[in-house]
Structure formats: C-alpha cells, structure tokens
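Everything below concerns the one structure shown next.
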C-alpha cells in the first residue's frame, strides 16, 4: 500500500516503513539506543532525501526512546541526575551542531561530512566495544570452566576521576566531576545534530568506558537523555529547515514502539557483554556499509543540490 | 454509426474548403486546440502516479496530408520552473567528494512529453532547438555562460530527472481518434512536482513546425496533506512541537499496548 509523504513530496510503501520502524525499534529497545543511526541511513537508502531522513529520524527516535525509557523507569534503571547533566551539555552542543549543519549544507558537503562522521565514529566505537566484550566473554568462559565466579573488573580510576567539581551520582554509584559529564553531553549533542541521531550509540560506550557507569543503568539513562536531545533536534529541524515529515515519522513510530517493547525484554534475557558484542557488530556493519559508499564509484557523479531554505 | 457519418461529413467539408490548389497558394491555415477536462489535479495521500489524457482538435487540416499521416503532434506537460544547483563529485583521496557545481536559473521541475511518432523522427534537431522542445533540446539558462560546461551539467541534470521519472517522453502516445480529434496520454510520476504546470501542444506538417497551443494545469496537494504542508511552513515551531507531542503520545501508547512485563 502506497502512502504519500507530504513534506518529502513522494509516495512510498507503508509496509516497508512499518518494517523499518519495527526492526529498528527492536534493536533500540534491546540496546538502549534511539535507533537514529540506523533509521537515517535506511531512509536514505529508501530514497528519502537525506535532509528529511535526518529531521524525521530525530522525530521518530523520541517515540522509541520514550517507550524504552518507560520500561526502565519501572525497572528503576535510570540515573536521572546523570541524564539531566548530560542533557544540559547536549542542548548546548546540538545548537552548535545545527549551525554547522546549515553551513555544511550550503557548501554542498553535508552528505560527505555525515558519511565520514558515521564511518569514523561507528568504526571506533564498534571496534572498541567488540574488543572489550570479546575479552570479557573469553575471560568468563575460562572462569566458568575453572568453576570459579565470573570475573568482575574492579572500578578503575583514571584521570577523569581527578577533575574538580565532583558530584555524587547515587544510582550509578559514582562520585565524579561534572566536567566530563557536561563535555560528553555537549560533544554528543554536536554530533547528533549533524548526523541526525540521538547519539545513543556513542553515549552508551562513553558512559561505560569513560564515566565507568554500571551497565545496568547505562541503557535507561541513555534512552532518557535521548528523548530530550531528539525532541530538541526535531524542533530545530522543523523550524530552520522544514525537514520533519510527520506522516513518515508516524509510520516509523508505530512499527518502532511495538518493536522496542519486544527488544527491551529480549535484552533483559541476555548478559551485558553479549549485548555489547552484538551491538558492536551491528555498529561495525553500518560503519562498513557507509565506508563502502564513500569509496565506491557512484551511479552518477552528479547530484541535485539544495537551494534556498538555508 | 452516427459518429462515422459525422467524420465523413467533416472530411467532405474540409475537402471542399481546402481544395489542393488553395492550400498551395495560402499559408497553412491549420490550427491546433487542446483542452483539459480539469484545470486542477489534486494529489491525495495515496497518489502513486497517474495517467492524464489531454484531448485536442486539429482544425483546417489538409486531408491529403492527413491521409498520408504526415501531421505530427507533440504534447508536453511542463512543470513549474525553479533555479537548481547541480553538484559534481570527483575522487579526492579515494573518496567521492563534491568538488564542482553549477547553478541553473530556470529549470522545469518536470517535463513529460508524448508524441505521435518517435520524437526524433518528427523534425530536425535545429527545429527542436529553436522551439526548445523535447528533453534533448531543452536548454537551461546558467548563471555564468560557458558552453561546454553548461552542456555537460545540463545533460547530467536531464539524466538525473529521467531517472527519477520527472522527465520522460513516450512516442506513440498521441493518437488521432478521428480525422480532427487527437488524444495524448501523459504519465504523471508519483513524484510529480506541485505547482503551475503548462500543457503545450505542437503541430508539425511534413516535419515543419506549424503551430503551438498551450493551457495551464495546476497540480496541488489536497486535503489533509495540503493543510499539513501549509501549517509546517507558516507555523513551523508549532508544527515541531506537535511532531514532538505525537511522538511522545505514540511512544507512551506503544508502551501501554505492547508491554511485555
């Protein structure tokens, strides 16, 4: 069944949209990422103009991450204080990101910049997580074979823990400086405005590896923070660029929220390191697909650019 | 039967009026008229392309030429014109990067042509160029004129538009349904641009251009979609807030309906 997208000005298949939404929603619930880093490339592959894919992706991420957050509220696995601080940094960062977005678009280099950023970050984050989770998986296997308790890494202290302005985060059982929290928020906000994502795929590993937050609160806190960052991005995209297609977003959301609930319960049944290894593989796969796109000879070296608006 | 006799009647009248001697002395007096059954087409939520039929009449035709089938008609539906920028990629460090661009001032967003015969066979390139008729002969005005560059870029632009279905030409889709009446069917693609379109009909005799006639056609979004687009442009902040609210509502409902714990 074809459905007309008024802002994108084209007709697409409704069931394809629902399927994209459901698949990404499932992953989103499972891994605690908003799913924007999958939605945006998938929509572009489905011939939705990139700018609209970015704006609408942000809109749909609100629904999946809210739906996922509700699960975690019930489970009490959200560090609200941490989430709010990350959000403050995030809003500042994404404002700056939106300005950069407009500038790159004017130069005609937006698509390239988006792809390079995706490749770099997906590649880095993916390899790091894969490396770490495989190491833990192997260590656990050896430990089980020797009939010992699974290895628990002690909390390591690094230079981050020596910074001033310390604050206590009781849910995360952390006592750390607000400086790295705000900077991570700002950095991710900046990237997410340009890449049109909530930033969960960077946020989750940053919380685990830089802030050393316990894995069980990472997913909920990240989802909680993503609701607001993507809401802010949606508002900016709608006002500055007119690139939010509500009809498209609703189709994706309906599939997405259903998928997110199943994903969340599937995620609960798996161990943290397994979850991280799977997410790492997924992140690497998307990164490689985009890297391939950068180097492969395009169908046409010509593309129609955007005029006006910005 | 009545229809057939009518055609005969008009044929006889035309023969009487335009005896061969007359036609040779006078300038060709043929004229072409086209009409649309509607001047507005609305695109709803389920629009996935459509065929539109344009009817036309050929008056004052020379029956001899007509019998030999040497009248040709090209009907074109031109979309609204807009400035356009085209980027060209080049390999930089192995990556494909936009390194060059060209701006064109007046580019029709869509160009759908149909003709009685294969369009290239109707007349020569020079005539097409003069009329700026047909996708091949279409000329785009660039911001800084450089013949070679302009040709490269405009060819590329036409290619892109053909691929997206916005530019197309189909031969044989203009048919004479009687001696003087013809019917052109045009395929509107799913991504047909909205705005003021212009339907133009060109008449050729023995490969020579005789007359042109045109009429306007408005293609617009109707119903809910149109309201939404207007709202999103005029009250973009409210639209954004609305989009956020809907998303939150669906997120919450999804949780309420599909909860698994």
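Of the numbered criteria (1) within 14 Å of chain A (Cβ to nearest Cβ); (2) touching a helix residue (DSSP H, G or I) at 6+ places or on another chain (Cβ under 7 Å); (3) surrounded by 14 or more Cβ atoms within 10 Å (Cβ to Cβ), the one residue B:94 fails is (3). The C-beta contact set for the range B:248-261 (first residue within 7 Å of another protein chain (Cβ to nearest Cβ), second residue in a loop (DSSP other than H, G, I, E, B) and modelled with pLDDT under 85, distance under 9 angstrom, 6+ apart or interchain) is empty.
Evaluate the following for residue A:286: is it more than 22 Å from residue A:114 (Cβ to Cβ) and out of contact with any strand residue (DSSP E or B) (no Cβ under 7 Å at 6 or more places or on another chain)? It is false that residue A:286 is more than 22 Å from residue A:114 (Cβ to Cβ) and out of contact with any strand residue (DSSP E or B) (no Cβ under 7 Å at 6 or more places or on another chain).
Among the residues of the range B:27-45, are any within 14 Å of another protein chain (Cβ to nearest Cβ), crowded, with 16+ Cβ neighbours inside 10 Å and either without any contact (Cβ under 8 Å) to a residue 60 or more places away in the chain or assigned to a loop (DSSP other than H, G, I, E, B) (or both)? Spell out how you get there, then give the answer.
Within the range B:27-45, the first condition is being within 14 Å of another protein chain (Cβ to nearest Cβ), and the residues that meet it are B:41-45.
Remaining after also requiring crowded, with 16+ Cβ neighbours inside 10 Å: B:41, B:43, B:45.
Cutting the leftovers down to either without any contact (Cβ under 8 Å) to a residue 60 or more places away in the chain or assigned to a loop (DSSP other than H, G, I, E, B) (or both) gives us B:45.
Yes, the range B:27-45 contains a residue that is within 14 Å of another protein chain (Cβ to nearest Cβ), crowded, with 16+ Cβ neighbours inside 10 Å and either without any contact (Cβ under 8 Å) to a residue 60 or more places away in the chain or assigned to a loop (DSSP other than H, G, I, E, B) (or both).
Selection over the range B:210-247 of residues that are facing chain A (nearest Cβ under 9 Å) and surrounded by 16 or more Cβ atoms within 10 Å (Cβ to Cβ) gives a count of 15.
Of all residues in the range B:84-95, which are in a strand (DSSP E or B) and over 33 Å from the mean Cα position of the chain (by Cα)?
Residues of the range B:84-95 that are in a strand (DSSP E or B), as a first pass: B:84-92, B:95.
Those that are in a strand (DSSP E or B) and over 33 Å from the mean Cα position of the chain (by Cα): B:91, B:92, B:95.
If you go through the range A:235-246 and keep only what is at the interface with chain B (Cβ under 7 Å from one of its Cβ atoms) and either within 9 Å of residue B:243 (Cβ to Cβ) or at pLDDT 85 or above (or both), you end up with A:235, A:238, A:239, A:244, A:246.
Determine, yes or no, whether residue A:284 is modelled with pLDDT of 80 or more, surrounded by 16 or more Cβ atoms within 10 Å (Cβ to Cβ), under 16 Å from the mean Cα position of the chain (by Cα) and away from every other protein chain (no Cβ under 11 Å). Taking the combined requirement at face value, the residue satisfies it.
The sole residue among A:261, A:274 that is facing chain B (nearest Cβ under 10 Å) and part of a helix (DSSP H, G or I) is A:261. Note on the range B:97-113: residues that are more than 9 Å from chain A (Cβ to nearest Cβ) and surrounded by 19 or more Cβ atoms within 10 Å (Cβ to Cβ) amount to 9.
Answer with yes or no whether residue A:249 is within 25 Å of residue B:224 (Cα to Cα) and either in contact (Cβ under 8 Å) with a residue 24 or more places away in the chain or more than 10 Å from chain B (Cβ to nearest Cβ) (or both). Before you say what the answer is, go through the steps one by one.
On the way: within 25 Å of residue B:224 (Cα to Cα): yes; either in contact (Cβ under 8 Å) with a residue 24 or more places away in the chain or more than 10 Å from chain B (Cβ to nearest Cβ) (or both): yes.
When the stated conditions are applied, residue A:249 passes them.
The set of residues from the range B:129-159 being within 12 Å of another protein chain (Cβ to nearest Cβ) and touching a residue at least 60 places away in the same chain (Cβ under 8 Å) comprises B:153, B:156, B:157. Considering only residues in the range B:55-83 that are surrounded by fewer than 19 Cβ atoms within 10 Å (Cβ to Cβ), more than 7 Å from chain A (Cβ to nearest Cβ) and part of a strand (DSSP E or B), the one that is nearest to the chain's Cα centre (by Cα) turns out to be B:81. The set of residues in the range B:132-158 being under 24 Å from residue B:202 (Cα atoms) and surrounded by fewer than 17 Cβ atoms within 10 Å (Cβ to Cβ) consists of B:132, B:136, B:137, B:139, B:141, B:155.
Each residue in the range B:184-209 was checked for being surrounded by fewer than 16 Cβ atoms within 10 Å (Cβ to Cβ) and away from chain A (no Cβ under 14 Å), and 6 pass. Residue pairs whose Cβ atoms lie under 6 Å apart, separated by 6 or more positions or on different chains, with the first residue in the range A:294-309 and over 29 Å from residue A:240 (Cα atoms) and the second in a loop (DSSP other than H, G, I, E, B) and modelled with pLDDT of 80 or more, are A:295/B:94.
The values are calculated or read from the model by the stated rules, or taken from the named source; none is laboratory data. All figures in this text were calculated on a predicted structure; none of them were measured in a lab. For neighbour counting, all protein chains shown are included, and Cβ atoms are generated from backbone atoms with ideal geometry for every residue, glycine included.
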